[in-house]
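What follows is a set of notes on a single structure, which appears directly below.
The values are calculated or read from the model by the stated rules, or taken from the named source; none is laboratory data. All values reported here derive from a predicted model rather than from experimental measurement. Cβ atoms come from the backbone with ideal geometry, glycine included; neighbour counts cover every protein chain shown.
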Amino acid sequence: MLPQANRLKHRRDFQAVYQKGIRRSGRYFTLRGLRQRRKIPKLAIAVTSQSMVVSQPPTRIGISISQKVSKKAVVRNRIKRQIRGVLRHLLPRILPGWHLAIVVQPRAVTCDYAEFLRELEQLLAEAEVIDGN
């Protein structure tokens, strides 16, 4: 599992990402992303204007996989486990302050871990969520 702070869970958060966010598509996934802006109270700005350090909220990631991918829950859950494993590997490189939704395409049934890793890394680099080097 991803750490609790890095999970995108609520329907309203997914809807905001789908409606306002960017989209990058690959062979097995569609990556939707929305950059979050940290709101700072006016009082905090007035008091700490000289030494203001604004921390970004953590990146939150959700996985969407429909029954079009497979009718079998076992297959869908295996794909989600592999994606979460890839995301745990990439999480230290992902910039803070993003809401990401990963939509799985039906072709992903034939995919393995290495292909998931390669494609997710490429999509995140295209969206400028991680350093593309």
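Determine, yes or no, whether Thr48 is polar (S, T, N, Q), buried (at least 19 other Cβ atoms within 10 Å of the Cβ) and modelled with pLDDT under 95. The answer is no for Thr48. When the residues of the stretch 1-24 are filtered to those that are surrounded by fewer than 11 Cβ atoms within 10 Å (Cβ to Cβ) and polar (S, T, N, Q), the one that is nearest to Ala101 (Cα to Cα) is Gln19. Apart from one condition, Thr59 fits all of (1) surrounded by 10 or more Cβ atoms within 10 Å (Cβ to Cβ); (2) of a type in the set (Val, Ile, Thr); (3) modelled with pLDDT under 90; the exception is (3). Across the stretch 105-133, the qualifying residues are those that are free of Cβ contacts under 8 Å to residues at least 24 places away in the same chain and among the aliphatic types (A, V, I, L, M), and the one among them that is surrounded by the fewest Cβ atoms within 10 Å (Cβ to Cβ) is Ala114. Taken together, the residues in the stretch 57-81 that are assigned to a strand (DSSP E or B) and farther than 14 Å from Tyr28 by Cβ amount to 3. The single condition from (1) in contact with a Pro (Cβ under 8 Å, 6 or more places away or on another chain); (2) at pLDDT 95 or above that Pro96 fails is (2).
Being part of a helix (DSSP H, G or I) and surrounded by 14 or more Cβ atoms within 10 Å (Cβ to Cβ): is that true of Ile102 here? So Ile102 does not fit the description; no.
Out of the residues in the stretch 62-99 meeting the condition of being closer than 18 Å to His10 by Cβ and among the hydrophobic types (A, V, I, L, M, F, W, C), tell me which one is surrounded by the most Cβ atoms within 10 Å (Cβ to Cβ). Among those residues, the one meeting the criterion is Trp98. Within this structure, Ser64 fails the test of being modelled with pLDDT under 95 and either in contact with a Cys (Cβ under 8 Å, 6 or more places away or on another chain) or of a type in the set (Gly, Ala, Ser) (or both).
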